[in-house]
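Worksheet: one structure, shown below.
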């Protein structure tokens with residue numbers, strides 16, 4: 001691969017303050033957008049991290065609620081393959 005980029009999305013259902021039910025709400029999880037760490041160099045194994053800080057959707061969850069909360073994390077790897 002010539003170029004690769006990774007993205008992570010948090011998928012979960014939620015109810016808005018107006019009472020509307022959103023069955024598949026999507027939130028982008030930061031895995032290095034601000035530092036460029038989302039641009040990958042796939043020569044060796046990599047560890048991708050999401051830091052749980054005040055901007056993270058996981059910030060207000062306790063360890064117990066993390067275990068009982070219903071959600072999915074989807075990891076998307078996009079890349080360009082060099083033609084030979």
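Every number in this text was worked out from the coordinates using simple rules, so none of it is lab data. The structure presented is a predicted model; accordingly, all values stated were derived computationally and were not measured. Every residue, glycine as well, gets a Cβ built from its backbone with ideal geometry; the counts of neighbours run over all protein chains shown.
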Semi-axes of the chain's equivalent ellipsoid from the Cα gyration tensor, sqrt of 5 times each eigenvalue, largest first, rounded to whole Å? 30, 15, 11
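How far, in nm, would the chain grow between residue 65 and residue 81 when pulled straight, counting 0.36 nm per residue and subtracting the alpha carbon separation?
1.7 nm
Quick check on the chain: helices-only [θ] at 222 nm, where DSSP H runs of length 4 and up contribute -39,500 (n - 2.57) each and the sum goes over total residues. Nearest 500, please. Spell out each step's value before the answer.
Working: 1 runs with 6 residues, N = 84.
After summing the helix terms and dividing by residue count, I get -1500 deg cm²/dmol.
Let me have the relative contact order for the chain, percent, based on Cα pairs under 8 Å that are six or more residues apart. Let's see the in-between values first.
On the way: 116 pairs, mean separation 38.5, N = 84.
Once normalised by length, the contact order is 46 percent.
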Spin-label pair residue 22/residue 39, simplified geometry with 7 Å Cα→Cβ offset, distance in nm: 3.0
Modelling each spin label as a point 7 Å along the Cα-to-Cβ direction, I'd like the residue 14/residue 48 distance in nm, to one decimal. 2.1
